[in-house]
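Here's the structure, in structure tokens; my notes come after.
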Amino acid sequence: ASLTAAAAAAARRREVRIAATVCCADVVSMLGSGMTIKFFPLFFWKEVGLTPIEVQAVFALAPAGIAALAQVAQRVSKKFGRIQTTLATKLCGIALLVSMTRAGDGYAVVVLYLLRTWLMNCSQGLTRSVLNDYVRKAERARWNAAESINLFSWSGSAVLGGYLVDRYGYRFTFLITAALQLTSACILSSIVFLVQDERADGEGLRVSAASSSGCSLLAAEAREDRTVT
């Protein structure tokens, strides 16, 4: 009985750690994204030289690419793991954001932006499925309440982002966003082996139908991007 209780306690600690880590990583990522998302249209208009119609066309392409890559990410995650796939896509997205700060003013920046947006956001359904697998049904409302922190951090970081843009420019602010998103990826990497252990047992491979279809992903993008991160 004592061994059973100890095993249950260990499983419980693992569940809490995984859920807390995913939520913490989301909050840090939101802080970074909120600093720049609202200013991408201005950046494309003032510095890249796009017309208003072209700017809207860019943001119209973003959700379609996210939905398509979400399907690819799901398939890849079945072989390599959800956290591993999430980290890979986010690190690529961060590298592309840094590349945007070095690229000249032209359509190459737009291509980098779209690739970065698709990769950064295509794994939202995977992290959501991790929470669904490791959080007990009775406690999901409690963890979902953490989304209110994300919304608050989004608004607060937008104010800071506006200040940085005015003082240092768009590209410098993009670098701050990249640094925060890299911090978020480092936080998430701490549970790579915890989630992988569950994969080896055959548990934790369930990806919710909503995530699989990309619907919940696009809903999440309404938060993380308002026009897409």
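Observations, loosely collected:
- Among the residues listed as 111, 135, 72, 130, the single one being out of contact with any Ser or Thr (no Cβ under 8 Å at 6 or more places or on another chain), open to solvent by 60 Å² or more (accessible area, probe 1.4 Å) and either within 26 Å of residue 193 (Cβ to Cβ) or of a type in the set (S, T, N, Q) (or both): 72
- In the stretch 58-74, the count of residues that are farther than 17 Å from residue 116 by Cα and either outside any helix (DSSP H, G or I) or of a type in the set (Gly, Ala, Ser) (or both) is zero.
- Extreme residue, least open to solvent (accessible area, probe 1.4 Å), among residues of the stretch 15-55 that are more than 23 Å from residue 180 (Cβ to Cβ) and within 22 Å of the chain's Cα centre (by Cα): 15
- Residues within the stretch 75-103 that are assigned to a helix (DSSP H, G or I) and touching a helix residue (DSSP H, G or I) at 6+ places or on another chain (Cβ under 7 Å), tallied: 20
- Residues in the stretch 69-90 that are small (Gly, Ala, Ser) and over 14 Å from the mean Cα position of the chain (by Cα): 2 in all.
- Against the conditions (1) crowded, with 22+ Cβ neighbours inside 10 Å; (2) over 14 Å from the mean Cα position of the chain (by Cα), residue 66 satisfies every one except (2).
- So residue 62, is it within 25 Å of residue 157 (Cβ to Cβ), touching a Ser or Thr at 6+ places or on another chain (Cβ under 7 Å), modelled with pLDDT of 90 or more and not polar (S, T, N, Q): yes
- Residues that are over 14 Å from the mean Cα position of the chain (by Cα), under 19 Å from residue 90 (Cβ atoms) and modelled with pLDDT of 70 or more number at least 3 in the following helices (runs of 4 or more DSSP H) confined to the stretch 122-229: 170-189, 192-200.
The values are calculated or read from the model by the stated rules, or taken from the named source; none is laboratory data. Worth saying up front: this structure is predicted, and the values here are computed from it rather than measured. Note that we place each Cβ from the backbone using ideal geometry, even for glycine, and neighbour counts take in every protein chain shown. With ligands, DNA and RNA removed, areas are computed over all heavy atoms of the protein, side chains included. Shrake-Rupley method; radii C 1.70, N 1.55, O 1.52, S 1.80 Å.
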